[in-house]
Amino acid sequence: MSDSIYDLVIRGGTVATSSDVFAADVGIIGETIVAIGSGLPAGKTEIDARGKLVLPGGVDAHAHIEQLSAAGIMNADSFESATKSAAFGGTTSVICFAAQHVGMDVREVVTDYTALAKRGATIDYAFHIIVSDVTDKVIVEDIPALVAEGFSSIKIFMTYDRLRVEDEKLLDILAAARDAKALVCVHAENHGIISWMVKRLTERGYTAPKYHPVSHARLSESEAFTRLIAFSELLDQPIMIFHVSTREGAAVIREARGRGVKVFAETCPQYLFLTADDLDKPGAEGAKWMCSPPARTTDDQDALWRALELGDLQLVSSDHAPYRFDDTGKLRAGPNPSFKQIANGLPGLETRLPLLFDAMVSNGRLGLSKFVELTSTAPAQIYNLPGKGSIAIGKDADIAIWDRVREVTLTDAMMHDKTGFTPYVGRTITGWPETVLLRGRVLVEGDRFAGQPGDGRLMLREGGAAAAPGGRRVAEMDPARNFGAELL
Ligand code: URP
Ligand code: ZN
Ligand code: ZN
């Protein structure tokens, strides 16, 4: 076997891409897929994939790792623990955040986060740069330079007391991103509505976790989407709307895309599988299900599935934001905090793909190719990761081999992140990634983890969707309405 041209052959499986499902062997040399076909010659090593699905590793484009929250709480995961848990869930690339808080130098922030990831990550990673302090230096120096170096997406919050960016500053960011050809990702909720609701609810004694969804009124989402889309249209700058949670929000996006505005959008498993009722638990327990925006209703779930089917939403990311249910995380303000004092966020890197596989493949909702598209191919395309996102010749051999009939009941103890719980505890799902490869090397085999901290590689990116064709320039849509946009 030693004279074989292939270092590894994955033999006899069913390969799925975002457009096809077919029986094939996959031949790998070094880190790269070099052959796909039946009856490939023997490899130096082989993986028997008969009866299994051979899928591209997941690309999770939204995860908070080793990051300081809006309220200054360090999240529970290191790069090592977060990426290990991602790998166990079939994900081989992650885009996380280099988070600037007010007063911090963006360049130093990027240097610090890349150093942490370089030391700890076991899968490949890239960064969105969170900007919360929009100084002249950020606009004139940092954004152009960092985007040119490959950090080609910026993340902005329209809410959260310590991170949010006001409208005028948001326009500054959109204009700088347009010039640099970066994509701007936005947490879009109306800050005024939420703050006002929190104050009113708290004054009236409604402080349990179940009031968190009430405070994030549905209209706070659709209003912020509408305003943000107007800014995007004004400047002809593409945006990515993060974590869409409501039917109305999805409708605003559909309408804008129909007019040719370059708006992309994601949702997350928590909006497809959880509802606000999950927060209604005794005492502070509901804190485990608290994220922003909150999970809504089954009607919203239906609307989001439909929006994914129609292409109005293009991605399902985890928004992994891990806080333990103890005094280091959710209960930092004490055992009975008011909902306003509880850190927002759920763990989800490990469960994203299995939950979606169960719904989409095992239960037939939208099917296998759409599963591959939403979880791997589309994020790789939109964020310009050309080596990732598909089983195709020349791509990185990032591959998850799925046992499509394995039934797993999710428990807190089986998770590999450091949160200590999963919001999906007790659910039984069908289908599990049993073997996971990163660039041709086995990372996960059953219960065994073969990765090492430092195995992950920084992925630098050109502009991606920001530079891609698609949509129409504002002036082409209606020159009279946006007269002067080209001067900005
Ligand atoms: O609740 C969430 N999603 N926490 C993480 C930070 C964010 O809003 O994306
Ligand atoms: Zn967010
Ligand atoms: Zn987030």
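Each reported figure results from applying straightforward, stated rules to the coordinates on display, with no laboratory input. Being a predicted model, the structure only gives us computed values, none of them experimental. Note that we place each Cβ from the backbone using ideal geometry, even for glycine, and neighbour counts take in every protein chain shown.
Descriptive notes on the structure:
- Scalar couplings 3J(HN,Hα) for the range 392-404, obtained by applying the Karplus form with A = 6.51, B = -1.76, C = 1.60 to θ = phi - 60°, are 7, 4, x, 7, 4, 7, 9, 9, 10, 9, 9, 8, 7 Hz; x denotes Gly and Pro.
- Computed about the Cα centre, the dipole magnitude for the range 298-388 is approximately 260 debye when only Lys and Arg (+1) and Asp and Glu (-1) carry charge, each at its Cβ.
- Estimated distance in nm for a label pair at residue 115 and residue 3, the labels positioned 7 Å out from Cα along Cα-to-Cβ: 5.2
- When only Cα pairs below 8 angstrom with a gap of at least 6 residues are kept, the chain shows a relative contact order of 22 percent.
- Label-point gap, in nm, between residue 108 and residue 412 - each point 7 angstrom along Cα→Cβ: 3.8
- Dipole of the chain [Lys/Arg +1, Asp/Glu -1 at C-beta], most positive-end residue of 355, 450, 117: 355
- Distance between the modelled labels on residue 20 and residue 149, one decimal in nanometres: 4.1 nm (7 Å Cα→Cβ projection).
- Under the Karplus curve 6.51 cos²θ - 1.76 cosθ + 1.60, θ = phi - 60°, whole-Hz ³J(HN,Hα) for the range 333-339, x wherever Gly or Pro sits: 8, x, x, 10, x, 7, 4
- Amide H contacts under 5 Å for residue 25, placed H, 5+ residues apart: 12, 37, 38, 39, 40
- Taking the Cα centre of the chain as origin and assigning +1 to Lys and Arg Cβ atoms and -1 to Asp and Glu Cβ atoms, the resulting dipole is close to 520 debye.
- Between helix 247-258 and the chain: long-axis angle, C-alpha atoms, 0 to 90°, nearest 10: 80
- For the residue pairs 210/418; 155/388; 181/262; 288/340; 340/418, the alpha carbons lie more than 20 Å apart in 210/418; 155/388; 340/418.
- Whole-Å distance, taken between Cα centres, linking the range 301-340 and the range 103-159: 23
- Once the C-beta distance of residue 404 and residue 285 is scaled by a Förster radius of 35 Å, the resulting FRET efficiency is 0.55 to the nearest 0.05.
- Karplus-derived HN-Hα couplings along the range 20-29 (A = 6.51, B = -1.76, C = 1.60, θ = phi - 60°), whole Hz, x at Gly and Pro: 9, 9, 7, 7, 6, 8, 10, x, 10, 10
- Beta bridges assigned by DSSP with both partners in the range 58-373 are antiparallel in approximately 5 percent of cases.
- Chain lengthening between residue 166 and residue 32 when straightened (0.36 nm per residue, less Cα-Cα): 43.8 nm
- Projecting the Cα atoms of 283, 250, 232 onto the charge dipole of the range 58-373 (Cβ charges, centred on the Cα centre) puts 283 farthest toward the positive pole.
- For residue 94, nonlocal amide neighbours, meaning residues 5 or more places apart or on other chains whose placed amide H falls under 5 Å from its own, are 60, 124, 125, 126.
- In this structure, the amide hydrogen of residue 74, modeled 1.01 Å from its nitrogen in the peptide plane, lies closer than 5 angstrom to those of 69, counting only residues at least 5 positions away or on a different chain.
- Listed residues 378, 220, 315: farthest to the positive end of the dipole of the chain (Cβ charges): 220
- Only the Cβ atoms of Lys and Arg (+1) and of Asp and Glu (-1) were treated as charged; on that basis the dipole of the range 335-445 about its Cα centre amounts to roughly 280 debye.
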